[in-house]
Every structure is written in structure tokens, then in C-alpha cells.
Amino acid sequence: QAQLAESGGGLVQPGGSLRLSCAASESIFNIRARNWYRQAPGKERELVAAIGIFGITNYSNSVKGRFTISRGVASGKNTVSLQMNNLKPEDTAVYYCNIVTEDAAYWGQGTQVTVSS
């Protein structure tokens, strides 16, 4: 079964930018959606951004206008990225990528994003 691996997290000052990337270990077929979730301490995991099979994107109200999700293929492997601009302390969380197919859901291990001065 394919594995997802995120990269790009870290510590950034408020107003800064980060780009998260997620790549699958092998090709995934019949993808229905690629998503980014996040989970802050003491809070439930929430959907931040999604991109569907036709490239239609959706964002949570808290990140709309600041985050951009994109998808692609690199070396034959499916990818999903999240460009995060104008970061705020409330964006601090562990970010997870997620790929959904007709009959499976794949998750990454998570990458920490900390926004602090």
C-alpha cells in the first residue's frame, strides 16, 4: 500500500510563509480528492484545503486567501502541496496530507508547523 510523506514544516514568524509538500511512495489510482488537514493541541483534526478530480479547490474560512493547494505528479508519484502565506499564530498545528480514492484513504505522518515570534 502506498505511503504518504510530508515535508516543509518548521518554525516561522507571524506573517511568514511555508510550503508543505506531500508525495506518495508509489502511484495511486482513481484519486477522488487530495486534502490537507491540521490538528492543533487540544483540538479536533480539521480540513484546511481540498482539491478534487477536476481541480476544484475548497478552503476553510480561516485560511481562505492565504493558503493555496495544488496537485501534481513527480517521478510518476502523486503529490499535493500547500503554499501558506501570511501565517498567523493560530495556524500552529500538525499538518497532515490525505489522498482519497474510490476505496481507500491514505494519510501522511504529519509535519509540525509553528508560527511564533
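The values are calculated or read from the model by the stated rules, or taken from the named source; none is laboratory data. A quick note: this is a predicted structure, and the numbers were derived from the prediction, not measured. Quick reminder, even Gly has a Cβ in these numbers, built from the backbone with ideal geometry, and neighbours come from all protein chains shown. With ligands, DNA and RNA removed, areas are computed over all heavy atoms of the protein, side chains included. Shrake-Rupley method; radii C 1.70, N 1.55, O 1.52, S 1.80 Å.
Some notes on this structure:
- Exposure rank, largest accessible area first [Asp103, Asp91; 1.4 Å]: Asp103, Asp91
- Per-residue surface analysis assigns Val94 an accessible area of about 40 Å², computed on protein heavy atoms at 1.4 Å probe radius.
- Fraction of beta bridges assigned by DSSP in the chain that are antiparallel (%, nearest 5): 95
- Estimated vicinal HN-Hα couplings, Hz - segment 45-57 in sequence order (Karplus 6.51, -1.76, 1.60; Gly, Pro = x): 5, 10, 6, 9, 8, 9, 9, x, 5, 9, x, 6, 10
- HN-Hα J in Hz across segment 84-92 - Karplus 6.51, -1.76, 1.60, θ = phi - 60°, x for Gly and Pro: 10, 10, 6, 5, 10, x, 6, 7, 4
- Lys/Arg +1, Asp/Glu -1 at C-beta; the chain dipole; positive extreme among Gln3, Gly15, Thr92: Gly15
- The rule of thumb for compact globular proteins, 2.2 N^0.38 Å, goes into the C-alpha radius of gyration of segment 1-66 1.27 times.
- Dipole magnitude (debye, nearest 20) for the chain, charges at Cβ of Lys, Arg, Asp, Glu: 280
- Accessible surface, 1.4 Å probe, highest first, among residues Tyr95, Tyr106: Tyr106, Tyr95
- Amide H contacts of Ile28 (H built 1.01 Å from N, under 5 Å, at least 5 apart or other chain): Asn78
- Residue-wise HN-Hα coupling along segment 101-117, computed from phi with Karplus coefficients 6.51, -1.76, 1.60 (Hz; x: Gly, Pro): 10, 4, 9, 7, 10, 10, 10, x, 7, x, 9, 7, 10, 10, 10, 7, 8
- Accessible surface for Ile31 stands near 30 Å², nearest 10, in the context of the full protein assembly shown (1.4 Å probe).
- Highest-MSF residue in the chain out of Pro89, Pro14, Pro41 [GNM, Cα springs under 10 Å]: Pro41
- Rounded Å value of the spacing that divides the Cα centres of segment 1-48 and segment 89-117: 4
- Positive-end ranking of Leu82, Gly42, Ile56 along the dipole of segment 32-91, with charges on Cβ about the Cα centre, is headed by Ile56.
- Each other residue within a Cβ distance under 15 Å of Arg71 adds +1 if Lys or Arg and -1 if Asp or Glu, for a net charge of +3.
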